[in-house]
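What follows is a short report on a single structure.
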Amino acid sequence: MFDIYSTPSFNADRLVRGDTYDYVTRTSANQGILGKTGFVNEDNLNESGVWSLGLLQMDFFYREKMWYAGQFVRKIIPKVDIPIKAVPFFTTIFNLQKPILLSVLVRDVDETFRNLKVKLPVSKKKEIDYHFMETLTEELKKERVTELAEYLKRKGFDGCNLTDEEQKAMDDYGNLKWETYNLEKLFGKSTRGKRLKSADRIPGALPFVTAGEAEEGVSGFIGNEVHIFRKNTTIIDMFGSAKYRNYNYGGDDHVAVVHTEKLSANAAVFVTAAIHKSSHNGQFDYGKNFYAKDADELCISLPVKAGKPDYQVMEKIIAAIHKLVIKKVVLYANEKVEGNKSEAAETNTDKI
């Protein structure tokens, strides 16, 4: 049903900024897309209507429009017509194969994929039941949207208006003064996690963090007696990817912990974003891992006031961004819920 092909790679520094095509890399974040800005080059494009496969975490993403690819990216091309509403079903099927693909060498991924066999629903005529896939996908979407709308209402996110201080912080963002700071001088020495083999892990309630984008790097929940890192800290994994933690956790030797505990939560999130911007630019990978010593040498850019990091303005900016993002989610959820109600009403009318 599908085949796998290499993609013509395209160096990011050759791309012309625009809003037309995505640049897809092996990352798992942002649907594999590097940054939020598109590009307008016309050569080395990959076709739409296919899936990209990043050879880092083996994540599959469907591509609705033409796209560029970085290194270590494959494309999955269907040999049969796949209804667009059945695409999410196949995306899920593909991603369920990740453990198999991660267990082989990169050079063997293509052959392994071509030899994969999966189970699909079939009709009474013993044909692939695309109608069932479409119906199931649509029903799950409606169910998730309803759950999302109820959650937002329960948490009091119906209204997300900015305070005067938050609005001012956003309005003044372009006029902020910035300085470069060394992480160790700001937060002391970073701490490296300790290895705990999968076979030695005891099931429990403590999140255990390792490298990777899947599940925000949480590989499981353990009951082992390990060093517990405090919440409101930032981890940087072996690939240089930084993530904020709002809970206590354990960590293996593939993560470095930056001790931002004394900051407010929103200021710590801002710092995490600044760290990620400096550490996650492709300079760290399987060949060159990021370690705690690298965190101590890392420099980040922060807004300043009176010669010191302005954590108050950082806090207001993140608080405002949270509200703005949630507001979009609220509008999206309400729109979808109303659409589902209208669709149900039309269906009931047709039955009368």
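Full extension of the chain between Val218 and Val122 gives 31.0 nm of extra length, using 0.36 nm per residue less the Cα-Cα distance. Axis of helix 265-279 versus longest Cα principal axis of the chain: the two differ by about 80°, to the nearest ten degrees.
Computed from the C-beta positions of Gln167 and Ile93 and an R0 of 56 Å, the FRET efficiency is 0.80 to the nearest 0.05. Taking all protein chains into account, the per residue accessible area for the chain stands at 59 Å² (1.4 Å probe). Rounded to the nearest 0.05, what FRET efficiency do Glu47 and Lys189 have when you use their Cβ-Cβ distance and R0 = 45 Å? Approximately 0.35, to the nearest 0.05. Close amide H contacts of Gly220 (hydrogens built in the peptide plane, cut-off under 5 Å, sequence separation of 5 or more or a different chain): Phe208. Label zone of Tyr286 (point 7 Å out along Cα→Cβ, amide N under 17 Å): in the range 211-238 this covers 211-214, 238. Modelled label-to-label distance, Leu105 and Leu176, 7 Å Cα→beta-carbon offset: nm? Between Leu105 and Leu176, the label points sit 4.7 nm apart. Quick check: from the Cα gyration tensor, does the range 227-310 come out rounded (a/c under 1.5), prolate or oblate? It is oblate, given that a/c is not under 1.5 and a/b is not larger than b/c. Helices in the chain, meaning DSSP H runs of at least 4 residues, each add -39500 (n - 2.57). Divided by all residues, the mean residue ellipticity at 222 nm is -11000 deg cm²/dmol. When a/c is below 1.5 the answer is rounded, else prolate if a/b is larger than b/c, else oblate, so apply that to the chain with a ≥ b ≥ c taken from the square roots of the Cα gyration tensor eigenvalues. Note, shape of the chain comes out prolate.
What is the percent carbon and sulfur in the accessible area of the range 219-345, measuring with a 1.4 Å probe over the protein chains and ignoring ligands?
C and S atoms contribute 56 percent here.
Computed from Cα atoms, the angle from the helix 311-351 axis to the main principal axis of the chain rounds to 20 degrees. I want to verify a result. In a Gaussian network model of the chain, Cα cutoff 10 Å, which of these has the top mean-square fluctuation: Val255, Val226, Val122? The residue with the greatest mean-square fluctuation here is Val122.
The values are calculated or read from the model by the stated rules, or taken from the named source; none is laboratory data. Keep in mind that what you see is a predicted model, and the values were worked out from it rather than measured. Cβ sites come from the backbone with ideal geometry, for glycine too, and all protein chains shown count toward neighbours. Heads up: the accessible areas ignore ligands, DNA and RNA and are worked out on the full protein's heavy atoms, side chains in. Shrake-Rupley method; radii C 1.70, N 1.55, O 1.52, S 1.80 Å.
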